[in-house]
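Read through the structure below, which is laid out as structure tokens, and then see the notes.
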Amino acid sequence: MSDRVPRRPRRRGLLVLAALVATMATGTVGAGPAEALDAGLAVESHAHYVIDAAGGPVRVSVTMTLRNRTVDTAGWSYYYDAFGLPVPAGATAATATSDGRALTVRVEDTEDPTTQLARVTFAPLYQGRSRTIEWSYLIPGAPVRSANLNRVGPGYASFFVQAVGDPGQVSAEVVAPTSMKVDTSDGDFLQRPDGDVVRYVTETSTNDDGIWAVVSARDPHLADQDVVTVGGTTITLDSFPGDTAWAQFVSAHVTEGMPVLERIVGMPWPGGLESIREDVAPRALRYAWFDSVHDDIVVSEDLDADTLYHEMGHAWFDYGRFTDRWLAEGLTEVVAQRVVTETDGNPTPRPTPDRAAPAAVPLTAWSVDDWGAFDVEEYAYGASFTAMSELLNGLDEKTFAAVVSAAYAGESGYEPAGSKAETSSTIDWRRFLDLVEDRGGVTSAEQTYRTWVVTPDEAAELDDRAAARTEYARVDDADGAWLPPLGLRRAMTAWDFRDAGQAVAALGEAPEAAAAVAAAATAARLPVPHAAREAYESAASTTRYGELAPLLHRTATVMPAVAEARDAAASGRDPFSWVGQTVLGVDDVAADAQAELARGDVEAAAASAARATARASAATWAGGVCVALLLGVFLGATALVVAHQRWSIRVRTVPPGPVPYPPEAARRQVRGW
């Protein structure tokens, strides 16, 4: 299994594998040096486990060789005469033989309720001598949710695998039917098909005392399966046969909790989950996990809403997206607590760890390499939850969702919410701090980081950041509602505070000039010129920074002239002015001035505004001239029409019909007319 996301701290081996119990005595007088208890006995062992598909007990055999490697001194001899083999609690039929003779086996309890010791005694084993012991025992099943963690039945088996011995001198083999799917807590088991079985073999020690792992095997065809559908998501529930209580619990909580999860994180369910599986391994390992390779969640048989919602939260908060382990674990736990509060109402309390504890580490130093370091894991899980609680628990639901969803989207805290600018496919502790402060408004976030999160070197980065953010805030305040230039935002997002400082210096008076443009736009009742704002907000080089102040100052000084042109075009709507403005194109030129200003052609806008204003001032005179001309034309045309009409009337008054030939006098009269 891979991409495991631990829920609770992993055990350290088998709690030191019960300390490899061995007794040592001395010949002649007294006791030998105490160091011989640790270094004096070489142990080689090979463990073999066979799973019965029909549900019978797991059969275990172990071949072990002990060799006394102490060095006798004058008057002193060191020997061993007993050994204790760790076996799963509840193991039965334990036997041991050596040199063809049966040894008496006495099974004893240990401080670990999941482990017992099968103890034998034998004749003293002196310096340089070896003894081989053949062990065997059975691992029967125990009821679900019992203290005994062995689960064995038809189609499934879950148990501990142990091989006690020196590094390089141990091996473990698990033999399972081919019908079974086998998972191990240690990824070094190799699969070796062998007819109708598969052998899972490892020779890699998991700690200084040998091999310790949890094996979980099940036949999918014999498992109890249920299906739960929430919205458009369908999830299969795989439970131990007959454990209806677990199936009903998980089904009810997934149905109720998934919509609450979506609302709390402010995002729809992302998918990537096919099944939720019940297994004893999480109880043994003390962590559950979300397996992103097989798209399943593995949780214990305990009816534990906290763990279930925590693992479901990893559908969003995975190690691939959140590069710091504490971010993924802290977010999932804080979210899970909110979901449990709304559904069950009683989240499990999480105590605050001791920051001065020996196992305490800065959370940025906590990684998957710490799996197995019990004390570190226990501290870091608690510290992750504590730090994330301090950062987010004071936020209301809307703000909480805004911060969390922005983190998931990889947004920059220096960009507007929802912006794709400067987004990242991953998010680390730095980007998250920016979001918590800028989107969440959490003023105590830096102190939380100094207490729980950062190393001393990283704390120095926080010092540099604080100074840079002071300068950034000055720029952001000075430029009003505009965003600071892109280059500055980009440097702050990247925590490149040297580059950010150079950007601030190169900007000079540009932020104040930006505010002046906005103020001029308000005073002139004009929209803020898009080109001017774009030039300021998109600037990303020293050259561009230096060009901003002159451009913006010039823009601010031109805006009153453009407004004057606009107002002049809108004024004086008497007939003469209207005619003059129409003839001179005042409205069009004034509109040109506004368009040129908007697209950043400031000098053209100034020229157009001047022309529009000048033409508007001459509009009345021009209108009068136009009206006079029109009137003259009209009167002249009217006179011609009237004359024409009179001529037409006189022509029409001549009587119709033949006209007698006039006398000579009459003819002369007519010609004279």
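The values are calculated or read from the model by the stated rules, or taken from the named source; none is laboratory data. The structure displayed is predicted, hence computed values, not measured ones. Positions of Cβ are generated from backbone atoms using ideal geometry, with glycine treated the same way; all protein chains shown enter the neighbour counts.
Candidates 430, 439, 474: the one that is surrounded by fewer than 19 Cβ atoms within 10 Å (Cβ to Cβ) and either among the basic types (Lys, Arg) or under 30 Å from residue 376 (Cα atoms) (or both) is 474.
Within the range 120-137, how many residues turn out to be part of a strand (DSSP E or B) and surrounded by fewer than 20 Cβ atoms within 10 Å (Cβ to Cβ)?
Narrowing the range 120-137 to residues part of a strand (DSSP E or B): 120-125, 130-137.
Add one more test, that the residue is surrounded by fewer than 20 Cβ atoms within 10 Å (Cβ to Cβ), and what stays is 121-124, 130-134, 136.
Going through the range 120-137 one residue at a time, the tally reaches 10.
Considering the range 139-165, and only residues there that are surrounded by fewer than 16 Cβ atoms within 10 Å (Cβ to Cβ) and in contact (Cβ under 8 Å) with a residue 40 or more places away in the chain, the residue that is farthest from residue 299 (Cα to Cα) turns out to be 154. The one condition from (1) among the charged types (D, E, K, R); (2) part of a helix (DSSP H, G or I); (3) in contact with a helix residue (DSSP H, G or I) (Cβ under 9 Å, 6 or more places away or on another chain); (4) over 30 Å from residue 355 (Cα atoms) that residue 390 does not meet is (4). The criterion of at least 2 residues that are over 24 Å from residue 231 (Cα atoms) is met, among helices (runs of 4 or more DSSP H) falling completely within the range 259-343, by 281-285, 325-343. Report every pair of residues separated by at least 6 positions or lying on different chains whose Cβ atoms are under 6 Å apart, first residue within the range 316-333 and closer than 13 Å to residue 381 by Cα, second crowded, with 23+ Cβ neighbours inside 10 Å and not hydrophobic (A, V, I, L, M, F, W, C). Hits for this filter: 326/384; 329/384; 330/384; 332/310; 332/313; 332/314; 333/310.
Quick test for you: out of 536, 449, pick the one residue that is assigned by TED's automatic domain parsing to the domain that holds residue 404, buried (at least 20 other Cβ atoms within 10 Å of the Cβ) and part of a helix (DSSP H, G or I). Full working, then the answer.
On the way: 536 fails: assigned by TED's automatic domain parsing to the domain that holds residue 404.
The match here is 449.
Considering each of 184, 206, 178 in turn, give the residue that is farther than 14 Å from residue 48 by Cα, surrounded by fewer than 16 Cβ atoms within 10 Å (Cβ to Cβ) and either among the hydroxyl-bearing types (Ser, Thr, Tyr) or outside the structural domain of residue 64 (by TED's automatic domain parsing) (or both).
On the way: 184 fails: surrounded by fewer than 16 Cβ atoms within 10 Å (Cβ to Cβ); 206 fails: surrounded by fewer than 16 Cβ atoms within 10 Å (Cβ to Cβ).
Testing whether each residue is farther than 14 Å from residue 48 by Cα, surrounded by fewer than 16 Cβ atoms within 10 Å (Cβ to Cβ) and either among the hydroxyl-bearing types (Ser, Thr, Tyr) or outside the structural domain of residue 64 (by TED's automatic domain parsing) (or both) leaves just 178.
For the subset of the range 46-56 comprising residues that are in contact with a Phe, Trp or Tyr (Cβ under 9 Å, 6 or more places away or on another chain) and not aliphatic (A, V, I, L, M), which member is nearest to residue 199 (Cα to Cα)? Step by step, filter the range 46-56, then rank; the result is 49. Looking only at the range 183-204, residues that are free of Cβ contacts under 8 Å to residues at least 40 places away in the same chain, in contact with a strand residue (DSSP E or B) (Cβ under 9 Å, 6 or more places away or on another chain) and in a loop (DSSP other than H, G, I, E, B) come to 6 in all.
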